[in-house]
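Student: I am attaching a structure below and will ask some questions about it afterwards.
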Amino acid sequence: MSRIGRMPVVIPAGVTVTVGEGNLLTVKGPKGELQDSFAHCLGIKVEGNEVLVTRSSEEKEVKALHGLTRALINNMVHGVTEGYSKKLEINGVGYKVEKAGKKITLSLGYSHPVYFEEANGITYETPDANTIIVHGIDRQAVGQAAAQIREKRPPEPYLGKGIKYADEHIRRKAGKTGK
């Protein structure tokens, strides 16, 4: 059996998990509500304060989905209780971020500013002009939003200018050598 798939997902106090038709899982917690549907070849049961995922056969695809499904359910439970966040740092002369209402404006050396609006449960926080923190309850949506912001000016290896994750290390290259 899958080592991850057979571990139960513990449901903390204040969180309700319901399984509907077609393996539609709904998780409600203090931060919000998440829904997702999972493969029919897996059995999802709520027993007491635990969610158990079982598989119907030993086929390769079913085995692969077993651990994945358990991990996604665990991410949903974690998201509605604590939430997720990604921190981005902006490096470069004149590069900055400003927040106005539900919109952030990035100045990244282009002839025009780049805008991002809060949507789908994603919120932005800008503690200073060079930092963006993306918050949300859906782990995949938070990662996607952070990746879309980073994509506008990825860090370059010579000067290190651009947008990078806070825990990301940029491998620097040596520039041209003069005579």
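Student: If you line up the long axis of helix 139-151 against the longest principal axis of the chain, both from Cα atoms, how many degrees apart are they, to the nearest 10?
Tutor: 20
Student: From Cα coordinates alone, what are the radius of gyration and Dmax values for segment 1-70 in angstrom?
Tutor: 12.2, 38
Student: Given (1) 26; (2) 39; (3) 11 as candidate values of percent of Cα pairs over 30 Å apart, which corresponds to the one derived from the coordinates?
Tutor: Answer by label: (2).
Student: Going through segment 54-119, which trypsin sites (Lys or Arg not before Pro) have at most 13 other Cβ atoms within 10 Å and a DSSP loop state? Intermediate results must be reported in sequence, preceding the final value.
Tutor: Numbers: sites: R55, K60, K63, R70, K86, K87, K96, K99, K102, K103; in loops: K102.
Taking segment 54-119 and a limit of 13 other Cβ atoms within 10 Å, the loop trypsin sites (Lys or Arg not before Pro) found are K102.
Student: A further question follows. Any idea what the dipole of segment 74-179 comes to, in debye rounded to 20, about its Cα centre with Lys/Arg Cβ at +1 and Asp/Glu Cβ at -1?
Tutor: Details: 17 positive and 12 negative charges, 150 e Å.
Charge dipole, segment 74-179, about its Cα centre: 720 debye, nearest 20.
Student: Show me the three semi-axes of the equivalent ellipsoid for segment 139-179, from the C-alpha gyration tensor (sqrt of 5 times each eigenvalue), largest first, rounded to whole Å.
Tutor: On the way: eigenvalues 161, 18, 6 Å².
The equivalent ellipsoid of segment 139-179 has semi-axes of 28, 10, 5 Å.
Student: Rounded to whole Å and ordered largest first, report the semi-axes of the equivalent ellipsoid of segment 36-115 derived from its Cα gyration tensor (root of 5λ). Intermediate results must be reported in sequence, preceding the final value.
Tutor: Numbers: eigenvalues 379, 52, 22 Å².
They are 44, 16, 10 Å, listed from largest to smallest.
Student: Work from the charge dipole of the chain (Cβ charges, +1 for Lys and Arg, -1 for Asp and Glu, about the Cα centre) and give the residue of A13, T105, V51 farthest towards its positive end.
Tutor: With unit charges placed on the Cβ atoms, the residue in question is T105.
Student: Which GluC sites (Glu not before Pro) in segment 106-179 sit in a loop by DSSP (not H, G, I, E or B) and have at most 15 other Cβ atoms within 10 Å of their own Cβ? Don't jump to the answer; show the numbers that get you there.
Tutor: On the way: sites: E117, E118, E125, E151, E168; in loops: E118, E168.
Here the sparse-neighbourhood loop sites are E168.
Student: What does the C-alpha gyration tensor say about the overall shape of segment 43-85? Classify as rounded when a/c is under 1.5, otherwise prolate if a/b is larger than b/c, or oblate. Intermediate values should be presented prior to the final figure.
Tutor: Working: a/c = 5.50, a/b = 1.65, b/c = 3.34.
It comes out oblate by the Cα gyration axes.
Student: Evaluate the charge dipole of the chain about its Cα centre and quote only its size in Debye, nearest 20, assuming +1 on the Cβ of each Lys and Arg and -1 on the Cβ of each Asp and Glu. Write out the running numbers ahead of the final one.
Tutor: Numbers: 26 positive and 20 negative charges, 214 e Å.
Dipole size: approximately 1020 debye.
Student: Show me the three semi-axes of the equivalent ellipsoid for segment 84-179, from the C-alpha gyration tensor (sqrt of 5 times each eigenvalue), largest first, rounded to whole Å. Don't skip to the answer; put the middle values down first.
Tutor: Details: eigenvalues 139, 47, 20 Å².
The three semi-axes for segment 84-179 are 26, 15, 10 Å.
Student: Now for a different question. Per residue, how much accessible area does segment 48-179 show when a 1.4 Å probe rolls over the protein heavy atoms, in square angstrom?
Tutor: Roughly 61 Å² per residue, with all protein chains present.
The values are calculated or read from the model by the stated rules, or taken from the named source; none is laboratory data. These figures come from a predicted structure and were not determined experimentally. Cβ atoms come from the backbone with ideal geometry, glycine included; neighbour counts cover every protein chain shown. Side chains are part of the model used for accessible areas, which takes the heavy atoms of the whole protein and leaves out ligands, DNA and RNA. Shrake-Rupley method; radii C 1.70, N 1.55, O 1.52, S 1.80 Å.
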